[in-house]
Amino acid sequence: MNTPSDLTIADYLDIARRRKWLILGAIVGCLAASAALYEVLPKTYRSTTTILLEGQKIPENYVKTGVEGKVDSRLYAVQQIVMSRTLLAKIGEQFGLITPQMSILERESVVQRMRERTQVTKLRLGHLKGQDTTEGFTLSFDYTDPVIAMKVTEALAAQFIEQDLKLKEQVLEGASEFLDQELKLAEAKLEEQEQAISAFRAKYMGELPQQMEANLRTLDRLQTEVIAARDNVQAAKNKIEVLDQRIKEATAAAAQGVTQAASSTPGQPSHGGDPLLVRLAELERNLTTLSTEYHDNYPDVILLRKEIDAVKAQLALKYGVAKEEVQQGSPKLIDPIVLDLMRQRDEAVKELEARQDRLRRLLEQVKDYEGRVERTPMREQELSILVRDYDNMQKNYQALLDKRLNARLAENLEKRQKGEQFRVLDPANLPLAPESPKKYMILLGGLVVGCGLGGGTAFILELLRPAFRRVEQVEGALGIPILAGIPSFKTLVGTGVKALGEPPLSGGEVKRSRLLGYLKGRRDDGKVGPQAGADLILPTISWNVVAKWWPDSMIAEQYRVAATRLALMSREEEHPVALVTSSILGEGKSTTTVNLGYTFAQALDKRTLIIDCDFKRPSVSRYLGKPFAPGLSDYWSGNCAIASCIHQIEGVPLWVLPAGTESHRVFELSKIRDLERLLNELKPQFDQIFLDTPPVFPLADLHFLSRLADVLVFVIMAGKTGRDVVEKALKALRPQNKVGLILAGVESTSMPYYHYYHHEGERALPRYAARK
């Protein structure tokens, strides 16, 4: 079966040519239906108004517009508001599109249809200013009543302008309110930042960048004082060391005096020391002496103890110590000189401690100021961040103040309608002609549908009954060798190839007119199809023998190719018999037979005999210009000898055995053996014998006749015979001998792009096989 990929453009054009009346009928029918549809469909009228964007009336150098952004976004927002259910229902009620009797669903349906009928088209005029912006729009509405369409369009335009003004006022009022809120927030943040800067300066006083120079000067002064304090500390230490030495010497001298007093005899004066200490030493010695001799209750011992207590009391009072601490050799019982030195030392120690404390304070101050100097860059960075934020907040605050002022000016501008706004340029018109349906579109659609319907039907019919059109299709589908593809006889027209011989014609125009008559398919009672040919000139001459009259044509060339391949196929047989048949009537088998026979005789120089075995529709003798009788039927009836039934063609070794008298053309199965005996009798006399037999369908003669031939030549008419018919015919034949196919009527587009031309004066044909 043919597939779309197998077909070429020429095949599609050929399908259109063959099915032209079907396609034209479909086109005419669809056009008529389109015209009727146009008359039946309801007419709608569209009213249109143009609205332009009018610029601001006050220069923007004085007052800037408060509505920023593209006009497209603003137009889209306004369109959504106008196309809302509320506004459309209000307009519908105003002009009677919606009545109080309608249900909710009906009202919703009317509103939805109003949305669909409304069209908004933007006018792109910004390219005149170097920008692609919207400078306006057209608003249209269609309805079956043109007056209502105009009124609704006017109402929609008024709503667009009104809603645009409201939208801009809302935007500006909202902007002013928003700026007021932002201004309060910015003011609060600015005050908070000021407090943060004040707290920072109070917290890090002394470490601020502007105090850097004072800190350095103070640090230099403190370092000088530290040096002086260190010298004073060292001087105090030296003084203490001197006093320590003097105290040590005085203490040693006092201790030496006490020892001498203790070791001296009673009544002997001492040379140094405190008298009370000497007296105490003397009393203690006496007490020791009495204690060895007397007990403790002895009066003298008691009196001596009391005297010792009295002396200790005096010493304790004198040296400022407790009574219990007064004893011989006690370090607290110091000499006044030593005591004075010790007092001086104590003062010196206190002075040292004071000087060391001052030095420590000075060092701490130095460290503190050094830390301040070190931390100053960090505090400077922190302070710069705070100051920077404060400056930004202050700038933001000032910008918000300016914006609030501009917003209020823009708001007043819009309220007085001095700003940018939409204005009706062209009022809504009263439509006179219907906007839909469009007549030319309906007719064009009918034409397209008609072409598609007709072409699709023709193409489907072609696919349902596929036929062979090219040689490669036959070889690929049947697997049988192809002898040649014979071009259609239409290729003879306009090729410039001239006919040979001198047929009894009055001129070239007569010949051309009769050939065209043949190509157009004119028939008489003896013709069987466009390829089978007919006697179009005289009863004894036929132009179907293309190999004779147009030897330089492509058709004759292909017949020579087929004859050559057929001769090579049957070269093993000494006197081969070739049977020529087809699937059905009208495929050009008889034309193929006479052209193959003439080519064998003239080009291959073989003695050739053509036997017309198609008793029901004999054509061979008529194509070759010979009478139908006497012929094969007359021979079988016993009326004539076989020699008188065979007629020779003038100028070539070609003979024809006609079917014979019509009254005797009855081919019975019993005649098969008679035909076989006749072939055996004629084979020695001829080099090649052709049997022109009936088609396979609907006759049954061929199955028996095919057994008499050595080679079966099967003719297929390109584009006519269905593939299934050819396959069934070959299956019915069940050929046991060699089979070769000839595809006749091939379009020129399916043939190789070459022609076998000769010069004007050349008449000789090439020889494709050596003479025997």
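In the full protein assembly as shown, how much of Ser644 is accessible to a 1.4 Å probe, in Å² to the nearest 10? It works out to around 60 Å².
For region 210-225, 3J(HN,Hα) computed residue by residue from phi via the Karplus equation (6.51, -1.76, 1.60; θ = phi - 60°) reads 6, 9, 5, 5, 5, 5, 5, 5, 5, 5, 5, 5, 5, 5, 5, 5 Hz, glycine and proline entered as x. Each residue of region 367-376 is assigned a 3J(HN,Hα), and the resulting list reads 5, 4, 5, 4, x, 4, 5, 5, 7, 4 Hz, derived from the Karplus form 6.51 cos²θ - 1.76 cosθ + 1.60 (θ = phi - 60°), x at Gly and Pro. Centroid-to-centroid, using Cα positions, region 367-425 and region 66-115 are 44 Å apart. Near Ser34, once Lys and Arg are set to +1 and Asp and Glu to -1 for all other residues with Cβ below 15 Å from its Cβ, the sum equals +1.
Put a dot 7 Å past the Cα of Lys395, heading toward its Cβ, do the same for Arg423, and the two dots end up 4.1 nm apart. Across region 602-618, computed HN-Hα scalar couplings (Karplus, 6.51 cos²θ - 1.76 cosθ + 1.60, θ = phi - 60°) run 8, 8, 9, 6, 10, 6, 10, 10, 10, 10, 8, 9, 8, 6, 7, 9, x Hz from first to last residue, x flagging Gly and Pro.
Computed extension length for Ser84-Ala433: 122.7 nm, one decimal, from 0.36 nm per residue of separation with the Cα-Cα distance subtracted.
A cut-off of 5 Å between modelled amide H atoms, ignoring neighbours fewer than 5 places along the same chain, links Phe422 with Glu54.
Take the Cβ-Cβ distance between Ala235 and Leu363 as r, set R0 to 22 Å, and report the resulting FRET efficiency rounded to the nearest 0.05. FRET efficiency, Ala235 to Leu363: 0.75.
Please give the FRET efficiency for Gln195 paired with Asp72, using the beta carbon to beta carbon distance and R0 = 60 Å, rounded to the nearest 0.05.
Working: r = 47 Å, r/R0 = 0.79.
E between Gln195 and Asp72, to the nearest 0.05, is 0.80.
So if the hydrodynamic radius of region 373-426 is defined as the Kirkwood radius over C-alpha pairs, what does Stokes-Einstein give as its diffusion coefficient at 37 °C and 0.692 mPa s, in µm² per second? It diffuses with D of about 219 µm²/s by this estimate. The local environment of Arg230, defined by Cβ-Cβ distances under 12 Å, has a net charge of +2 under the rule Lys, Arg +1 and Asp, Glu -1.
Working from label points 7 Å from Cα in the Cα-to-Cβ sense, the Glu225 to Glu177 distance is 6.6 nm.
Note that region 159-227, at 4 °C in a medium of 1.567 mPa s, gets a Stokes-Einstein diffusion coefficient of 75 µm²/s from its Kirkwood radius over C-alpha pairs.
On a full-extension model of 0.36 nm per residue, what is the gain between Asn412 and Val40, subtracting their alpha-carbon distance, rounded to one decimal in nm? Present the calculation step by step, with values, prior to reporting the outcome.
Details: separation 372, 0.36 × 372 = 133.92 nm, distance 5.67 nm.
Residue separation times 0.36 nm, minus the Cα-Cα distance, leaves 128.3 nm.
Scoring 301-312, 388-399 by mean Cβ neighbours within 10 Å over their residues and listing the highest first yields 301-312, 388-399. Rg/Rh, computed from the Cα trace of region 71-115 with Rh as the Kirkwood radius, has the value 1.08. Largest to smallest in accessible area, the residues Cys640, Cys645, Cys30 fall in the order Cys640, Cys30, Cys645 (1.4 Å probe, all protein chains included).
The values are calculated or read from the model by the stated rules, or taken from the named source; none is laboratory data. These numbers come from a predicted model, not from an experiment. Because the Cβ atoms are built from the backbone with ideal geometry, glycine has one as well, and the counts that use them run over all protein chains shown. Remember, those area values only see protein heavy atoms, side chains included, never the ligands or the DNA or RNA. Shrake-Rupley method; radii C 1.70, N 1.55, O 1.52, S 1.80 Å.
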